Amino acid sequence: MSRRAFISLIAGAAAAASLLWSLAARAQQPAMPVVGFLNSASPEAYARPLAAFRRGLSETGYADGRNVAIEYRWANGEYDRIPAMAADLVRRKVAVIAANGPSVPPAKAATAAIPIVFTAGFDPVELGLVASLSRPGGNLTGISILNAELGPKRLELLHELLPTATTVAVLVNPANPSATSSAQSLQAAARAIGLQSYVLHASSERDIDAAFATLVDRRADALAIGNDPLFNSRSEKLAALALRHALPAIYQYREFAAAGGLMSYGGSLADSYLRAGVYAGRILAGAKPGELPVQQSTKVELIINLKTAKALGLTIPLPLIGRADEVIE
């Protein structure tokens, strides 16, 4: 055998050994964990919260595409699709499921083994989802967003802006687990400040159109929108309809005011999803969900859209402007 042939043979054998070693090492590496992101709304409506969720994961050392994968399931407001989506994530054996409010009960029904991190505006103890806030037990924990507690304050803000108003309408999604308690809380708050109120239901885009037609017929002076992911994903539509019908309206999240709604007052979705991302990362690192206390996102924002106020012919009192966290001009 010539010297050149011998050297080529040795080099080929070394390359083959290196390839075998690389394949063996790769086979020994654990598979990349997968987070199932289950949401009843749409990706367009949740761009900011989703970015915050990824930041939360990164704070615990996990980066999407590098050492963790995220599989998304968006119901786009069609809540009847959520149980099948939850079951699909369970079949795929994801490491943890991140679920928003209406997605939580279907996720819990789909699995008692896979950890679930929720972000929701309801009391998880009252709904029987966790044993207690301090020690949830089972496979659920998450972030509770201030919601029903702030409903009365939203009505007070409307009343401060519209002191001569006599009737307020309340819009809720009956498919939301917290719809009944939210509506009752808002109606009680309305009575406390001398306002008449009535409740309208909307669980689809078509229902929203019908609800506004009813608002016009019943001549409501103002509208308080109950918290729901369907309404989150239809912020632009709700803001446009309220402006078209010259109806002062208030909602929970900043996205509504940014889309042209008059006012928003409530917890921060971005803050809540940041915390949820941190919890998901901690669970990926080995923490047990039942031992992670349910957190309450206490960050509250008042956003006022002065451009919309002007279009509605309203003058915002200076003290109210002074209390705003953000004024959109």
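Worth a mention:
- Residue in region 307-326 that is among the charged types (D, E, K, R) and not in a helix (DSSP H, G or I) present: yes
- Given (1) more than 25 Å from SER132 (Cα to Cα); (2) touching a Gly at 6+ places or on another chain (Cβ under 7 Å); (3) in contact (Cβ under 8 Å) with a residue 60 or more places away in the chain, number of the condition ARG254 does not satisfy: (2)
- Here ARG154 passes the criteria (1) open to solvent by 20 Å² or more (accessible area, probe 1.4 Å); (2) within 24 Å of the chain's Cα centre (by Cα) except the one numbered (1).
- Region 28-73, subset among the basic types (Lys, Arg) and without any contact (Cβ under 8 Å) to a residue 40 or more places away in the chain, residue surrounded by the fewest Cβ atoms within 10 Å (Cβ to Cβ): ARG66
- Residues of region 265-319 that turn out to be under 22 Å from ARG154 (Cβ atoms) and of a type in the set (A, V, I, L, M), as a count: 13
- For region 106-128, the set of residues classified as touching a helix residue (DSSP H, G or I) at 6+ places or on another chain (Cβ under 8 Å), open to solvent by 10 Å² or more (accessible area, probe 1.4 Å) and assigned to a helix (DSSP H, G or I) consists of PRO106, ALA109, ALA110, listed by residue number.
- Of the residues making up region 86-100, those that are without any contact (Cβ under 8 Å) to a residue 60 or more places away in the chain, touching a helix residue (DSSP H, G or I) at 6+ places or on another chain (Cβ under 8 Å) and either among the small types (Gly, Ala, Ser) or surrounded by fewer than 23 Cβ atoms within 10 Å (Cβ to Cβ) (or both) are ALA86, ALA87, VAL90.
- Check on LEU292, over 30 Å from ASN139 (Cβ atoms) and either touching a residue at least 12 places away in the same chain (Cβ under 8 Å) or in contact with a Ser or Thr (Cβ under 7 Å, 6 or more places away or on another chain) (or both): no
- Which numbered condition ILE304 fails, given (1) farther than 21 Å from VAL117 by Cα; (2) touching a strand residue (DSSP E or B) at 6+ places or on another chain (Cβ under 6 Å); (3) modelled with pLDDT under 95: (3)
- Residue among LEU284, LEU312, LEU262 that is of a type outside the set (Ser, Thr, Tyr) and closer than 30 Å to ASN67 by Cα: LEU284
- Matching residues, region 294-325, being open to solvent by 60 Å² or more (accessible area, probe 1.4 Å) and under 30 Å from THR60 (Cβ atoms): GLN296, THR298, LYS299, ASP325
- Selected residue [among the polar types (S, T, N, Q) and either part of a loop (DSSP other than H, G, I, E, B) or surrounded by fewer than 23 Cβ atoms within 10 Å (Cβ to Cβ) (or both)] from SER134, SER103: SER134
- Test: residue in region 41-63 that is modelled with pLDDT of 95 or more and part of a strand (DSSP E or B): no
- Of all residues in region 180-201, exactly one satisfies the criterion of being among the β-branched types (Val, Ile, Thr) and without any contact (Cβ under 8 Å) to a residue 24 or more places away in the chain, namely THR180.
The values are calculated or read from the model by the stated rules, or taken from the named source; none is laboratory data. Quantities reported herein were computed from a predicted structural model and do not represent experimental measurements. So basically every Cβ, Gly included, is an ideal-geometry build from the backbone, and we count neighbours across all protein chains shown. The accessibility values were calculated without ligands, DNA or RNA, using every heavy atom of the protein model including side chains. Shrake-Rupley method; radii C 1.70, N 1.55, O 1.52, S 1.80 Å.
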